[in-house]
Amino acid sequence: MTHTRQRLGWRGERLAERYLAGHGLTILERNYRCSAGEADLIAQDGDTLVFVEVRTRRGQDYGSPEESITARKQAHLLAVAQAYLAERGLSDIAWRIDVVAVALSARGELLRVEHIENAVEG
């Protein structure tokens, strides 16, 4: 991953984190990694554990951020969530996988943040 893409991803994650916290979610972990992949953020929304995939796009050349969640990516997100739950013995907890789409202008200005709950069926 190029340095520019890393910075863009990091910025998107920070914007998503602020957005979620501002809407009542508590951020528990950032960049959780396991053999199945990575969860950008893990948060608590009331009694529900939320695995969050952050998608950030600059400009509209490649479509919207949320359009980049392929079936393969969804399968990876589901595997990461299941690994996290198994690792911590959390079999009886409510959970979901959300996507936060962050759209920036070509100049890097924030255009929108959209939180899509239950973006991946678990």
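Any read-out appearing in this document is the output of simple, stated calculations on the displayed coordinates, not a laboratory observation. In this text the structure is predicted, and so the values were computed from the model without any measurement. So basically every Cβ, Gly included, is an ideal-geometry build from the backbone, and we count neighbours across all protein chains shown.
Summarising the strand pairing of region 3-120, around 65 percent of its internal DSSP beta bridges are antiparallel. Relative to the longest principal axis of the Cα atoms of the chain, helix 71-87 runs at roughly 40 degrees.
Hey, what number do you get for the chain at 222 nm if only DSSP H runs of n ≥ 4 count, each worth -39500 (n - 2.57), divided across all residues, to the nearest 500?
Values: 2 runs with 37 residues, N = 122.
Computed ellipticity for the chain at 222 nm equals -10500 deg cm²/dmol.
Using the alpha carbons alone, the radius of gyration of the chain stands to its Kirkwood radius in an Rg to Rh ratio of 0.96.
Could you compute the longest span of the chain free of trypsin sites (Lys or Arg not before Pro) located in DSSP loops and having at most 14 other Cβ atoms within 10 Å, not counting the site residues?
1-87
Residue 39 sits among other residues whose Cβ lies under 10 Å from its own Cβ, and their net charge, with Lys and Arg +1 and Asp and Glu -1, is -2.
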